[in-house]
Every structure is written in structure tokens, then in C-alpha cells.
Amino acid sequence: MSGVMMMIIAIVVLGGAYLLYGRYLQNKWGIDPNAKTPAYEMEDGVDYVPADTNVVFGHQFASIAGAGPINGPIQAAIFGWLPVLLWILIGGVFFGAVQDFASMYASVKNKGRTIGYIIEEYIGKLGKKLFLLFCWLFCILVVAAFADVVAGTFKGFTVDEAGAVTKIAANGAVATTSMLFIIEAVALGYFLKYTKFNKWINTAVAILLLVAAIALGLNFPVYVDLGTWHIIIFVYILIASVAPVWALLQPRDYLNSYLLIFMIVGAVIGVFVANPACNLKPFTSFNVNGQYMFPILFVTIACGAVSGFHSLVSSGTASKQIKNEKNMLPVSFGAMLMESMLAIIALIAVASFADGEAAAQGLTTQPQIFAGAIANFLSVVGLPHSLVFTLINLAVSAFALTSLDSVARVGRLSFQEFFMDSDTDEENMSPFVKVVTNKYFATIITLVLAYLLTKVGYAEIWPLFGSANQLLSVLALVACAVFLKKTKRQGWMLWVPMLFMMAVTFTALSMTIIKLTNAFMTTGLDLGNTLQLVFAVLLLILGVLVAIQGIKKLLEKADK
């Protein structure tokens, strides 16, 4: 199958799913365009801030995408293009988009509260406590994995065995542009807040800033080592996760969303112009180098199919910015399908290389393979290969950097919420509770643990992250199904995804625990692997307990 044929299938399936299935869900669950959304009802200028649909969509899409929809399909391509294509399309429509929409819908209908509070309301306080602890541990994993990915794309030079230093110009340019993005985002945040221009002027200003940052980055690359970038990135996350969303998160995502959409549009054009051949087999084997297609395929491809992390963004940050309930469908369901399209492009990208061709060109990481393929496609229309390669790398790092401060904010909120209930008197809390619910304390303890895990390296963390991520989707689906049942809305469309992902995640986490235990028995565990083993055991136990509590509620007889 050619790249163009894959693209056409994806456009038809995903576009049709939005128009038919998305609107079907919206009609079944019901929206009230005249209702006062939490963004207005609870407006506080920090987390609850009303924003235009395009701004919230930019935040949602940039936050959920991360590096996942690029890394996952490329890694899973060892099983052949057909299983990957089918899982992206089926999972994206019937698993991921449904979960994201349900999570945002449940949150908006509950004062913009997170999935944790929804569990407390409809399942119980114990379920909420267990879920929030699970969520906090998961966020630590995400920050650790994505921080290492971002630092890797910023790494300014390599040192060979002889001690010779080689600068990496593309990475240096990406680093400069990304840092400029942050500065420009703050300026744009104040511009959007204190001026009342229409969205077209705001869009023009955003694009102008975007172009300026890229131009400066290409001409003034910054060369800094990996370890220093780790520190810089964590300092940035610390500031970004406690700053008001209008000052950094909203405008930064607004800027990045244009870059990401330009990247996707450019990639689609490149596929249609180049019409790359598919050099992957349709199917290889159920067992490739000791990796079994079940459950590996379904935890490797998370973003792009279904990802529990999305439920945290949908209910943790985006739901607090929705101006009108009718905006939920495009922001949640639509953003998920856009991500599935990106995953399809990543599959086409890796399939365009013959066996060993990418490595021969020096493309060793998933983002590099993706960027190299898109640069090859667009060089057909005369665009410079090196320029396109740098811009695509920039977009990928923008994905991951955007996810970082969003998930750190969610992790901070989860840690704070763990020590509070919906009926907690915030004026008369004990000194201990006041400390642990302080946003600076909660952020610092989250980031310190994530920094320790970062030293293990993204490649080692990714399997555990993938399993935990998909188990989180199970818990989100359970919570949303209980919410829909308790509020007398149809929730049958969540049952199959919920049960299938239970089988996937419990199997995957059990395999991870067995692998780490065997390593301990033979060679012993270092700090990083020890933390991974502890995390894996805790996540599995917490996930099972929350799932059991939720399923009990689902099986209860409906209230009369």
C-alpha cells in the first residue's frame, strides 16, 4: 500500500468519525449552549480562565500530542504496517476520542473538576485517594520521559571515544527557537489579556512571532550539553506549572498549535506529492525479538490511539478554559482525531525507509526518522532538506515541551487534591495539610522525583510509562462510565474500550514487574531501575483497586 492510499483512508475514516460518531455522542449525552461553564463560574485568573475555541484547541492538541504519536507508531512498526494502521484508526475513534470527550464532558458538568474529584463524587473518597496517588506517580513518569526527550532534541554536541566534539546545528537551532518561544509566549499572553483585538489580528501576531523565533533560531543556534539542558528544562517546568495559565500556558500553546498544524499540513502535502512507497511488510509476527504483539502494540501506540494522559488534560486544564459547552466536541474529540492523523503520518514516514536506510543516514531516534522522512517528501517540491529537517525537529520538541508543563501542573494538582476532600475547610486546615497542599511544595516534590528518573533515560522509562498510561485510560473510562450511569446518560460505548484496555494494561505491567524482578535477581538494580520497580508495583496495585471499586458501582442496580 502506498503512502497516499494510507493517507486517504485515514482522512475518510477520521473525518467521517467526527461528523458521524462525534455528533452522535454529543446528541446522546446532551450539551447546553446556554449553560454557564466552569471557566466563567469559577474564574480565578490562574487555572479557570475562559478562552476562545482555537486557543483551547491549541492547548489541548499541543498538550496531548507530545512525542507519543510520533514515537509510538515508529516503535510498533516492527509488527508490520497493518496492525499499526488498524489500531490507530479503531483505537483513535472508538477508544481515544470517546475517552477524551467523556473526560472533558464529565469535568465541565462538575465545575471543571478533575477525574479524581469525579471519582470521589460518583465512586467514593477511597477511590479518589487511590486514583490521585496513581495519577501523581504517573505524572512523575511522564515528566521524566518527556524531559529526557526534549533535552535530547536540544543537545548541542556529541563527544566520541577519542574526545572529539561535534556540534549538532539542527539541535542548537531548535534549542534557541524553543527558548524564544517561551519568552514570546509571555509577551503574547499579556497582549491577548490586555488588548481586545479580533482573533485574526491575534493570529497574525502569533504567526509573526513564530516566524521571528524560527529565523533567529536558525541563525543563532545555542550549543549546550545534555545535563545542563535537563536542569534548565526542570527550572522552566517549575515556573510554568505554577504560573497563571493566561501568562504562559495558553499563549505558548497558541503559538505552538500553529507550528504543529503547519507541520501536519506540510507533511500531508509531502505525502501526496512524493507518494512514498511502503517498504514495511503488512505483518511480521506476533512475537518479534521477544516482544509480543499483545500487549506491546497497544501500550507502545498510546497517543494516536488511546492515552490515559489525555483524560488528565481534558479534565485537568482544558475543561477550565471552555467558554461554551458546544466547544467541547471540537476541542476534545477533534483534537484526538488530529493526533491520530499525526500517528498515521509517522507510520507513513517510517514505512518510507527501506530496511537499514534510516540508520545509514544517521537517523537513530524516532523524531529523527520522522523529520528525515518528511524532509525527503518535501524536498520533491524543492524545499531545502536541512531546513525542513530542522523545522520538523523543532515541532516535535514543541510537542514534548508543551506536554511537560501541562502534565507537571496536573501532577501538582493531583498531589494537592490527595490531601483534600470536596468538603475540606480551606480556612481551617492543619499546618501539615497547608504545607502539602501548597502549590510550590507540591510542584517541587513532584519534579525532584521526576528528575531522578530522568537520569535513567527515556528509552528505559518508556515501556513502564506506556503501561501506566494505558492503565490510566482504564481508570478514566471507568470513572466516566460511572458518571454517565449515575446521571442517567448512556455509557455503553465506554465498556468495550474499558475492558479491552484492562486486559492490555494488567498484562503489560505484570510483564514489566517480572522483567525488573529478574534483573534484580541476576544483576541487582540501580537507583533508576529500583524506582521503576517500585512504581510498577504501586501502579498495578492502585490501578486494580480503583478499577474494582468503579466496576462495583457500574454493576450496582440503577437508583430508582
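The values are calculated or read from the model by the stated rules, or taken from the named source; none is laboratory data. None of these values were measured; they are calculated from a predicted model. Methodologically, a virtual Cβ is constructed for each residue, glycine included, from the backbone with ideal geometry; neighbour enumeration extends over all protein chains shown.
One table, with the values for the structure above:
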item: Unmet criterion (only one of (1) farther than 17 Å from residue 474 by Cα; (2) not in a loop (DSSP other than H, G, I, E, B)) for residue 130; result: (1)
item: Residue 504 vs. criteria among the aliphatic types (A, V, I, L, M) and at pLDDT below 90; result: no
item: Flag for residue 227 being more than 21 Å from the chain's Cα centre (by Cα), under 26 Å from residue 145 (Cα atoms) and buried (at least 22 other Cβ atoms within 10 Å of the Cβ); result: no
item: Residue satisfying condition, being under 25 Å from residue 502 (Cβ atoms), among the polar types (S, T, N, Q), buried (at least 24 other Cβ atoms within 10 Å of the Cβ) and in contact with an Asp or Glu (Cβ under 9 Å, 6 or more places away or on another chain), within set 332, 315; result: 332
item: Qualifying residue in segment 85-92 (condition: in contact (Cβ under 8 Å) with a residue 60 or more places away in the chain, among the aromatic types (Phe, Trp, Tyr) and within 30 Å of residue 488 (Cα to Cα)); result: no
item: Extreme residue, farthest from the chain's Cα centre (by Cα), among residues of segment 456-509 that are more than 21 Å from residue 120 (Cα to Cα) and of a type in the set (Ser, Thr, Tyr); result: 507
item: In segment 241-254, the residues that are surrounded by fewer than 24 Cβ atoms within 10 Å (Cβ to Cβ) and touching a residue at least 60 places away in the same chain (Cβ under 8 Å); result: 242, 244, 246, 247, 248
item: Total residues in segment 400-412, condition in contact with a Gly (Cβ under 6 Å, 6 or more places away or on another chain) and more than 14 Å from residue 148 (Cβ to Cβ); result: 1
item: Checklist (1) in contact (Cβ under 8 Å) with a residue 60 or more places away in the chain; (2) farther than 22 Å from residue 46 by Cβ; (3) surrounded by fewer than 20 Cβ atoms within 10 Å (Cβ to Cβ) applied to residue 393, failing item; result: (3)
item: From 125, 199, 155, 129, residue being surrounded by fewer than 23 Cβ atoms within 10 Å (Cβ to Cβ), over 30 Å from residue 535 (Cα atoms) and charged (D, E, K, R); result: 199
item: Some residue of segment 247-259 being of a type in the set (S, T, N, Q) and either in a strand (DSSP E or B) or over 22 Å from the mean Cα position of the chain (by Cα) (or both); result: no
item: Residue check, residue 214 closer than 20 Å to residue 174 by Cβ, without any contact (Cβ under 8 Å) to a residue 12 or more places away in the chain and among the β-branched types (Val, Ile, Thr); result: no
item: Conditions (1) at negative phi; (2) assigned to a loop (DSSP other than H, G, I, E, B): number failed by residue 148; result: (2)
item: Residue within segment 199-207 that is of a type in the set (S, T, N, Q) and more than 14 Å from residue 153 (Cβ to Cβ) present; result: yes
item: Unique residue being over 30 Å from residue 379 (Cα atoms), over 22 Å from the mean Cα position of the chain (by Cα) and surrounded by fewer than 24 Cβ atoms within 10 Å (Cβ to Cβ) when the list is 275, 279, 287; result: 287
item: Number of the condition not met by residue 34 [criteria: (1) of a type outside the set (Val, Ile, Thr); (2) free of Cβ contacts under 8 Å to residues at least 60 places away in the same chain; (3) under 17 Å from residue 340 (Cβ atoms)]; result: (3)
item: Among the candidates 158, 166, 195, 228, residue that is of a type outside the set (Lys, Arg), without any contact (Cβ under 8 Å) to a residue 40 or more places away in the chain and touching a Phe, Trp or Tyr at 6+ places or on another chain (Cβ under 8 Å); result: 166
item: Number of the condition not met by residue 490 [criteria: (1) part of a loop (DSSP other than H, G, I, E, B); (2) of a type outside the set (A, V, I, L, M, F, W, C); (3) under 23 Å from residue 532 (Cα atoms)]; result: (3)
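So that you can scan it fast, the table gives a plain yes or no per residue for (1) modelled with pLDDT of 95 or more; (2) within 23 Å of the chain's Cα centre (by Cα); (3) charged (D, E, K, R):
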| site | (1), (2), (3) |
| --- | --- |
| 18 | yes, yes, no |
| 31 | no, no, no |
| 49 | no, yes, no |
| 56 | no, yes, no |
